[in-house]
Amino acid sequence: GIHKEGSSKWHVNDCYLETPFDLFAEKKEPLSNHSIQSGKWSKFSDKIKDKLASNRIDIWHKTWMDFHAKDSIAKAIENFIVFCQNEGIQVILIEMPVPKVTQSYMKAEYLNFTSDFIKEVKQKYSVMHIDFKQYEALQSDTLFADADHLNKQGAERLTDSLKQSLMSLTQARN
């Protein structure tokens, strides 16, 4: 995660960065008897999936757009990239997959901002980018634990896809 106070809280540890703070300390709200933590996204009815996806995207939009936090979050990400690069760590931006129903709730304003921000950061800091957001091999509901997190099977599939992507990027750079 990235702490908004700046990079002074970050520590390099065995080739990854850690911070004791999450980017978003959002309150988890229970949704009746449906356990989001169950990892059984595919078992929920379409109506429940729709509600969970809508709630999750509302949180994203409120955080990024409605609360006008996008500038401070963007600055924190840029500070994180500079910190990594100063430590000799190559940065790769990775957009994670989300279920199709969750994608359907993403507002154009949010999508345009993130797309523009990634393009700007890639150019400004010469970082690589891997987009798994709509990667077909990771779209099955059986791969998700909830409206925006992969389950174990999904994480394993993403890991395999990420490994292949990183190998391709490495070969392309050499």
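Table for the structure above
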{"item": "First in the range 113-125 and within 13 Å of GLU95 (Cα to Cα), second anywhere and hydrophobic (A, V, I, L, M, F, W, C), Cβ under 7 Å, 6 or more apart", "result": "PHE117/ALA74; ILE118/LEU93"}
{"item": "Test: residue in the range 98-111 that is touching a residue at least 60 places away in the same chain (Cβ under 8 Å) and within 26 Å of TYR125 (Cβ to Cβ)", "result": "no"}
{"item": "Residue match in the range 20-27 (condition: loosely packed, with under 14 Cβ neighbours inside 10 Å, modelled with pLDDT of 50 or more and not in a helix (DSSP H, G or I))", "result": "no"}
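The values are calculated or read from the model by the stated rules, or taken from the named source; none is laboratory data. As the structure is a computational prediction, the values presented were derived from the model and not from experiment. No Cβ is skipped: glycine too gets one built from the backbone with ideal geometry, and neighbour counts run over all protein chains shown.
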